[in-house]
Amino acid sequence: MQRFRNDRWFTKRYQLADLYCQLDQIEQRCILMRSCSNSIESIPQIDFIFENSNELFISQHYIEKDNSATFNSYQRLAIDLDLMHKAGLVHGDLHPRNLIISHGRCYIIDFEPCYIQKRYNIRARMSSKFTWSELDRKENKLTSLTDKVGFYKVVSLFHGSDQPTLTLDYEKQLKELNCQNILEIIGNNNSFNPKMD
Ligand SMILES: Nc1ncnc2c1ncn2[C@@H]1O[C@H](COP(=O)(O)OP(=O)(O)O)[C@@H](O)[C@H]1O
Ligand SMILES: [Mg+2]
């Protein structure tokens, strides 16, 4: 996979042979990513094109970061993640580096056309270090709950050390809690107070 950027777009080029997924599934996911980006503000515009029958280009609007996050930024992100899940799209790898903060908003980047890729003919998962989402990916259990755990970690970091840190057990608790939506995690006021406290 190669990356390019200009003032407007951040583009990734994939060899289809490196993606462990059926072509129609890849296309369906790309269509869903594009349509969600058309209607959900926290997802910068996404477009894609298949070329030369063996390549896929996915572009997303380039967002200049300014690290201006507030509690409200995460609350709006939570609402948009719930909308995204309602539309049937799971990000699958939510963590701070896959969020861009700009003008007080949190933007979601790094959507992948499928979750498992081959690199240099070696089967490789998307992220190099162990994460909860990687475990889910390995066990073929990626769902909106994976994004909920990712979101919980992101807001815990934002809130600093007085908030509970997720351990593997804690993550399990969050999964077992099976809250209906992400907005329930962050709550509706300025005290981030997860239910499993
Ligand atoms: N749409 C975008 N706007 C601004 N920066 C981006 C965008 N997409 C990617 N980046 C930057 O490039 C980095 C790597 O891109 P990403 O899509 O996360 O690839 P990967 O995690 O697979 O290396 C991001 O952490 C971010 O700093
Ligand atoms: Mg990334």
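Within the range 43-75, track down each residue that is touching a residue at least 60 places away in the same chain (Cβ under 8 Å) and within 12 Å of ligand 1 (Cβ to nearest atom). So that I can check it myself, show each step before the final result.
Taking the range 43-75 first, the residues touching a residue at least 60 places away in the same chain (Cβ under 8 Å) are 43-44, 46, 48, 69, 71, 74-75.
The answer is Ile43, Pro44, Ile46.
Do the conditions hold for Asn67, that is, is it on the phi > 0 side of the Ramachandran plot and in contact with a strand residue (DSSP E or B) (Cβ under 7 Å, 6 or more places away or on another chain)?
Answer is yes for this residue.
So that you can scan it fast, the table gives a plain yes or no per residue for (1) closer than 27 Å to Leu145 by Cα; (2) touching a Lys or Arg at 6+ places or on another chain (Cβ under 9 Å):
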| residue | (1), (2) |
| --- | --- |
| Gln22 | yes, no |
| Ser35 | yes, no |
| Phe57 | no, yes |
| Asn67 | yes, no |
| Thr70 | yes, no |
| Leu81 | yes, yes |
| Lys86 | yes, no |
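In the range 180-197, how many residues are modelled with pLDDT of 75 or more and either in a helix (DSSP H, G or I) or surrounded by fewer than 16 Cβ atoms within 10 Å (Cβ to Cβ) (or both)?
Count: 6.
Here is a yes/no grid of residues against (1) within 13 Å of ligand 2 (Cβ to nearest atom); (2) in contact with a helix residue (DSSP H, G or I) (Cβ under 6 Å, 6 or more places away or on another chain); (3) modelled with pLDDT under 95:
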residue	(1), (2), (3)
Val90	no, yes, no
Arg97	yes, no, yes
Tyr107	yes, no, no
Phe111	yes, yes, no
Cys114	no, yes, yes
Lys118	no, yes, yes
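The values are calculated or read from the model by the stated rules, or taken from the named source; none is laboratory data. Computed from a predicted model, the values in this text were never measured in an experiment. In this analysis, Cβ positions are derived from the backbone assuming ideal geometry, glycine residues included, and neighbour counts consider all displayed protein chains.
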